[in-house]
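To start, the structure itself, in structure tokens.
Every number in this text was worked out from the coordinates using simple rules, so none of it is lab data. This one's a predicted model, so the numbers in the text were calculated from it and none came from an experiment. Neighbour counts are summed over all protein chains in view; Cβ atoms, including those assigned to glycine, are modelled from backbone coordinates with ideal geometry.
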Amino acid sequence: MNILITGGTGFIGTPLVARLAQEGHQMTILTRQEKPISPFQAVSFCQNLTHFQDLKDFDAVINLAGEPIFDKRWTEKQKRILQESRLSITRQLVELIEKSSNPPHSFLSGSATGYYGDLPYNQAQYDELTPAGNQFTSLLCQNWENEALKMVHKTRICLLRTGMVLSAQGGALKRMLPLFEKGLAGKLGNGKQHWAWISLEDYLNAVLFLLKNDHCQGAYNLVAPYPVTNAFFTQWLAETLHPMHFATSKMLAKRALAQRIANIATPVCVLKSVLGERAALLLDNQPLIPKRLLESGFQFRHPHLQGMDISS
């Protein structure tokens, strides 16, 4: 396939491009980098979409571009940047698809589990039929999805409602590792909130699965089948980074300390004071499952957090 990709040079986009290149696909990547370099001959770059008249030469579009959501405090200015960085490029893609006499057959467009907001604790699981929330992230994702859905009459659309993508190479886990390695991190609030997570490997596999299977369309939760509480996650990470195997007495003492600290809560008021509204990304309850992915026949390599290799 000949594929146009936005957001193809970041934590998720870079390994996705590598996987697609290994499978023999041709790619054009939209990037703001002045002199981008790729090790793959199948990759070319463009810095804006204005020189395209339409997208008839592309078989598919994967739209992942957007300002990182956790990096800066959510001032009103930053909220506008988060919105516009997603909506502007999506609108441009929609306009180009609309102009195409032979449009791309697939349009995979980014979203996030923030779509659902903070979910009630009176239900064990939630799937793609769950209504959108009314928080900032919910409205952001709704607007992002609605822009893409304007092309439902022209092409097959898959909305990628992505949870916390786990890999030591980047994202949330990379930020956490230094604290956990030193035994300095504990649960957040009461730790009962569920986190919707997915390994980077499963995320990449899911995107390729949706790209190749024409029967798939609509919204998909890109999350593992078994969400975990924050308390479970912190305990798991503390134990994983300080294994029992071949441990010296000093290492065992460090493991015991890390386990104890993992059970110490950081108060909600402290998180909200430090992070502002961004604290919702850590405190919202999201026991989401990938119902539609599973029903479509997708198989996870890492359905359980305990089976994940954090070095990958």
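Rg over Rh of the range 75-222, using C-alpha atoms and the Kirkwood radius, what does it come to?
1.01
What list do you get for ASP118, ASP202 if you sort them by fewest beta carbons within 10 Å?
ASP118, ASP202
Given the convex hull over the Cα atoms of the range 78-148, what projected area results after averaging over all orientations, in nm²?
5.7
Based on the alpha carbon coordinates of the range 1-84, what radius of gyration and maximum Cα-Cα distance (Dmax) apply, in Å?
Here Rg and the maximum Cα pair distance are 14.2, 43 Å.
Express the C-alpha Rg of the range 40-114 as a ratio against the empirical globular expectation 2.2 N^0.38 Å, rounded to two decimals.
Cα-based Rg divided by the globular estimate yields 1.28.
Rounded to the nearest 500, what is the 222 nm mean residue ellipticity of the chain from helices alone, with -39500 (n - 2.57) per DSSP H run of 4+ residues and division by all residues?
Computed ellipticity for the chain at 222 nm equals -11500 deg cm²/dmol.
Please compute the contact order of the chain in relative form: average sequence separation of alpha-carbon pairs under 8 Å and at least six residues apart, divided by the residue count, as a percent.
Averaging sequence separation for qualifying contacts and normalising by length gives 19 percent for the chain.
Among 222-228, 274-280, how do they line up by average Cβ neighbours within 10 Å per residue, starting with the highest?
In decreasing order of mean packing, 222-228, 274-280 become 222-228, 274-280.
What distance in nm lies between label points placed 7 Å from Cα along the C-beta direction at GLU295 and ALA168?
A separation of 3.8 nm, rounded to one decimal place.
Among DSSP beta bridges lying fully in the chain, give the percent that are antiparallel, nearest 5.
Bridges in the chain are about 10 percent antiparallel.
Could you work out, for the chain, what percent of all Cα-Cα pairs fall into each 10 Å distance bin, beginning at 0 Å and stopping at the bin that holds the largest distance?
Answer for the chain: a P(r) of 6, 26, 34, 23, 10, 2, 0 percent.
For the range 1-151, state what percent of all Cα-Cα pairs lands in each successive 5 Å bin, counting from 0 Å until the bin that includes the largest distance.
Percent of pairs per bin, in order: 2, 9, 17, 19, 18, 15, 11, 6, 2, 1, 0.
First measure r as the distance between the Cβ atoms of HIS51 and VAL270, then evaluate 1/(1 + (r/R0)^6) with R0 = 41 Å and state the FRET efficiency to the nearest 0.05.
Given R0 = 41 Å and the Cβ-Cβ separation, E is 0.25.
Nearest 0.05, what FRET efficiency do ASN122 and GLN33 give at R0 = 35 Å with Cβ-Cβ as r?
It comes to 0.15.
May I ask for the Kirkwood hydrodynamic radius of the range 124-165, worked out over all distinct Cα pairs and given in angstroms to one decimal?
Across the range 124-165, the inverse of the average 1/r is 11.9 Å.
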